Every structure is written in C-alpha cells, then in structure tokens.
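K.L.:
Quick one: this structure, given as structure tokens, is what I'll be asking you about.
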Amino acid sequence: MTRDIRNIRTAILSVALSAVAVGLLFNNQTPVIDEQAILRELAPGASFTQKGGTPPHYLSEGLVAFNTHDISPSVRGYAGPIKTLVVMDRQGRITGLRIIDHRETKNYVHYMETPEYLSRFIGRSVNDPLEIGSDIDGISRATISVQALARSVRESSVKAASDLLGVRVLRAEAGRASEHAWIIYTAYFSAAFFCYFMTRHNPRFLYTRDVSLVLGLIIPGIYLSTPFSMLQLFNMVLFGPSNSYLWLALVISTAISVLLAGRFYCGWICPFGALSELLGRLPVRKWNISSGSDGDWRRLKYPALGISIAAALAGRRPESGNYETYVTLFSLSGSYLSWGLVGLTLIANVRVRRFWCRYLCPVAALTGLLSRSDNRYVSNSQCPMDNRPGPHISECIRCNRCFVRTERTGEQNG
Amino acid sequence: MGDEKKFRALLVSAALLIACIFSYNIFGEYLRADIFEYIKRRAYYENVLKNKGLDLREGMHWRKKQ
Ligand code: SF4
C-alpha cells in the first residue's frame, strides 16, 4: 500500500504539472472588455472621454467613471480581483456600477453579480462606510467575494473622489469591523486542534470530537458556507493567493493540520464529513462489504482527484474540476447533476459509513496522500471509516478512538 | 441483491454522475450556447420562413442570399 501511495502521489503531481503547462500554453488569454460600451449602459446619454490620467478614469459632463482594479489592484476575492466599473457624480456619489470581470466561483457569487444586489451601492457617497454588514448587506454564502467587492469599490471611490474630484473625504479607515469571520473560524479550528491532542493523551476527551463535528456543520458549513475545497487550491495555483483573512485562515490552518495531523480536517472540521458521519450513526444495518472490494474501491478517489486537477488547471478554470458535494450543499447552488450526487452520497452514508470520504472525496484523496505515516493508529471496531486493522495512514481521519499510547501504557483509546 | 452488488451499483452510479458533472463543467457552456442558437434558428423558421413555404434548409440559403 505504501508503495502504491507513493506511485499515486507521483502520478498526481505529474498530472498537476502537465495540466499547468497545458493551461499556460493554450488557455492563457485574458478577455477583452469594451468598457465604453458598458459605460453607455450605465449612464445612457453621457459621452465619456477615452480612459486616461492618474488614477486612470473616464470623464463626462458631471460624471467620472473608473475600473476599481486600475485603482485598487491589490484587493482580491476568492480567486483574484473583482473588476468593477463605477460611475460617480461630482459630489462623490455612486450612480452606477457593474462587475465586468472576476474568477470567483459561480456557485457562491451568482447573486452578487445581479443588478438587484449591486443596486445597494447606488446612491452611496464616498463618505458612507460602504461596508458589508453596515450599510451594504452581505451575502451569507459569498462572504469573501462580497467583502472584496465592497473593499475595492470603497478604496477606489475614495481615491477617485479625492484625487479627481477634490471631494474632501471625511470618513476614517473603515471596513475592518465586518471582517470577523476569520477570527471565528480560527478560534474554532484552534480549539478543535487542541482537543485532538487532548484526546491522544486521554480518551476521556473523545466526546469533544462529537462537539467539534456539530460545530463544523454549523460554523464552516451553515454560517460561513466556506468549507475547505479543491477550488481554493486551484484558485491559488492559477491566480495567486487571496488577501481575504478568511481565505488565508482556511488554507493555512488546513495546511498546518495536514503536516501535523494528516486527515485531521476530515475527521474534526469538515461539515460534509460531519453530516456523513452523523447519518452513518443512524441505527440501520450497514452493508457487508468484503475487505478486498472495499480496498479496491477506495482508490477511486485518486483518479477522480487527477481528473479534477487536470480539468481545472489545463482549462485555467477552477470550476471545471469541481464535483465537490460540500460546495454544492453549503453554497446552495449547483447543477441538477451536482445535487444528484449530493443526494446519492448522503443517502449512501446510512448503509456505508462515510461513503463520500472513503471512495470519492478529492480533499480526502489529497490530504491522505500528504499524511505522514504513524503506526499508532491501528483501527478498531468503532472506526468511523470502517478501516481494517493496521490501516494505511491515508485512510485514517484521526478520530483517535484507536490511538495506541505506546510510550506510556500500551493501552488503546476508546 | 446482495450487499456487495448493491454497494458496487451505488459506486458505479456515483462515478457516472461524477463523469457527467465533469462533462457538464467542461462542455456545458458550449452545449448551452448551441442549444440557444438552435432554438433561435428554429423560432426564426417557425415565425418567418415557414410562412413563405420554405423548409429550414432552403430558408437558411434564402436568408443568407438576402
Ligand atoms: S483508524 Fe483509528 S483514528 Fe483512524 S479513523 Fe479509524 S478509529 Fe479513528
């Protein structure tokens, strides 16, 4: 098995590198956007000059227009800048805006792009907070993206108003108050990680994992709607890291946990894993699956991961590689096919414990491949993954029920 | 059907669904665009060309010429 895993690791790495190369060679064009045409729609009747000046802008009688990305290029959402064309009157009041380009995940941002949502910015002045949760409504399933949108509009409007229109901006530094999501997530993650280590020392604390599973369902699942997913990695490889604190918290905490505790994320944090495990605890007879067939089918998640990586990176489009059920479920958005997969895998958990995590999940495959071996995980009859005795570490989600504390007593948890 | 068979059927269905999701992700946009184009052509045929007694193929030729 160890040798197999090593080969799979090499194969996945080769797929990723080749896909990046193919993407760079064949799919690397940036779309050309006719900003003047969009301005004609945003301010009918106005005739704008060519773009020019510092910061770059368009002028018309009584109006100034600019692309937020030209003024605040460092503000990034989930997958890069959210380029927005803003039209402002001479008093520094927004009269029109449209998102003209972004690479955010459609599942999360489809509402953010609608005129209905963007109308919340219309009529706001540069002296307004322009802050999510204050004068602009958030979108619960697109926290990172809407915060980036608001921040880029706020920062570029203030700069344009003061530099181009000479408007005195009275508002002090804003936009920090609403960015508390990352603090909640980091606090939850750290507490769960602490409990993970406690349970290794003392099985009395095993109940804390159940608490963590329920909180995982509530915090990254329902409240933040941002479980860790391959999309975050694809976005990072293709377009660089986001500067959202929540994004950084998600990616950094997961990376650290993989290094220190393998698939800890799967066993303690993942909201879909939590839901699957809770469904698996229903008192329904489980199917009797032979060890050979179970072992063979568990490898299915690796080709699925490989295809997902190839599709996302070669096409330079993260969504092409997305089949992740937690993205569909917690963003409440996806095709009928994706919803079909969510339904099927959730129902399957009733008969086969952690069905999705064992056979299909790309995050499970990736974190499993990166787990460091630890032979103190021996498995037992209570294993939530139905692992056979002496499992490979890539299949262990670190529930710690079978952890053997060899250094002191040689006894087993659970 | 034994547990093993049901389990295999479940996994094969999930794998097929995933294959369809990948195809939809990659080709969905093109397919959707083609379908909309076809509906537009069809609507033009039904509303304009059919009334002139032309079939879809002749109509297209006639339209291009026009
Ligand atoms: S092998 Fe042990 S620690 Fe790992 S998931 Fe199974 S019971 Fe939990």
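The values are calculated or read from the model by the stated rules, or taken from the named source; none is laboratory data. Everything numeric here is computed off the predicted structure, so don't read it as measured data. For neighbour counting, all protein chains shown are included, and Cβ atoms are generated from backbone atoms with ideal geometry for every residue, glycine included. These accessible areas exclude ligands, DNA and RNA; they are computed on the full protein's heavy atoms, side chains included. Shrake-Rupley method; radii C 1.70, N 1.55, O 1.52, S 1.80 Å.
K.L.:
Tally up the carbon and sulfur contribution to the accessible surface of segment A:265-414 as a whole percent, 1.4 Å probe, everything protein left in place.
P.N.:
59 percent
K.L.:
Below 8 Å, C-alpha to C-alpha, sequence gap of six or more: please give me the relative contact order for chain A in percent.
P.N.:
16 percent
K.L.:
In segment A:58-76, which residues have a backbone nitrogen under 19 Å from the label point lying 7 Å from A:Asp163's Cα in the Cα-to-Cβ direction?
P.N.:
Output list for this probe position: A:58-60, A:63-76.
K.L.:
Between A:Arg90 and A:Leu260, what length comes free when the chain is fully extended (0.36 nm per residue of separation minus the Cα-Cα distance, one decimal in nm)?
P.N.:
Answer, rounded to one decimal: 55.6 nm.
K.L.:
Something else about it: Under 10 Å, Cα contacts only: if you run a Gaussian network model on chain A, which one of A:Asn67, A:Asn375, A:Asn243 comes out with the highest mean-square fluctuation?
P.N.:
A:Asn375
K.L.:
Oh, and also: On full extension of the chain, what length is gained from A:Ser335 through A:Ser119, given 0.36 nm per residue of separation minus the C-alpha to C-alpha distance?
P.N.:
Extra length available between A:Ser335 and A:Ser119 comes to 75.0 nm.
K.L.:
Here is a follow-up. How would A:Glu61, A:Glu131, A:Glu116 line up by accessible area, probe 1.4 Å, largest first?
P.N.:
A:Glu61, A:Glu116, A:Glu131
K.L.:
Moving to a separate point now. Per DSSP H run of at least 4 residues, take -39500 (n - 2.57); add these up for chain A, divide by its residues and hand me the 222 nm value, nearest 500 deg cm²/dmol.
P.N.:
Roughly -14000 deg cm²/dmol at 222 nm, from the helical runs in chain A.
K.L.:
Another question, if that's okay. Please work out the ratio of the alpha-carbon Rg of chain A to 2.2 N^0.38 Å and round it to two decimals. Write down the numbers at each step before the final one.
P.N.:
Numbers: Rg = 24.5 Å, N = 414, 2.2 N^0.38 = 21.7 Å.
Here the Cα radius of gyration is 1.13 times the empirical estimate.
K.L.:
Given a Förster radius of 51 Å and the C-beta distance between A:Ala191 and A:Ala21 as r, what FRET efficiency does 1/(1 + (r/R0)^6) yield to the nearest 0.05?
P.N.:
According to the calculation, E is roughly 0.75.
K.L.:
If R0 is 30 Å, what FRET efficiency do you get for A:Ser60 and A:Asn243 from their C-beta distance, rounded to 0.05?
P.N.:
E between A:Ser60 and A:Asn243, to the nearest 0.05, is 0.40.
K.L.:
When you look at the Cβ of every residue in A:331-342, what mean number of other chain Cβ atoms sits within 10 Å?
P.N.:
Average neighbour count from other chains, rounded to a whole number: 3.
K.L.:
Tell me, in nm to one decimal, what length is gained between A:Asp70 and A:Arg3 on full extension, where the rule is 0.36 nm per residue of separation less the Cα-Cα distance?
P.N.:
19.1 nm
K.L.:
With all protein chains present, calculate the accessible area of A:Cys361 using a 1.4 Å probe and round the result to the nearest 10 Å².
P.N.:
Ignoring ligands and nucleic acids, A:Cys361 comes out at about 10 Å².
K.L.:
Rounded to the nearest 0.05, what FRET efficiency do A:Val214 and A:Leu370 have when you use their Cβ-Cβ distance and R0 = 25 Å?
P.N.:
Efficiency at R0 = 25 Å is approximately 0.40.
K.L.:
If the reach is capped at under 25 angstrom between alpha carbons, list the lysines near B:Lys52, excluding any in the same chain fewer than eight residues apart.
P.N.:
The qualifying lysines are B:Lys40, B:Lys64, B:Lys65.
K.L.:
Return the long-range amide H neighbours of A:Thr84 (sequence gap of 5 or more, or a different chain), with a cut-off of under 5 Å between placed amide H atoms.
P.N.:
For A:Thr84, the qualifying residues are A:Thr68, A:His69, A:Ile100.
K.L.:
Then there's this: For the pairing of chain B with chain A, what total accessible surface becomes buried, with a 1.4 angstrom probe, in square angstrom to the nearest 100?
P.N.:
In total, chains B and A hide about 2200 Å² from solvent.
K.L.:
Per residue, how much accessible area does the protein assembly as shown show when a 1.4 Å probe rolls over the protein heavy atoms, in square angstrom?
P.N.:
About 47 Å² of surface per residue is accessible.
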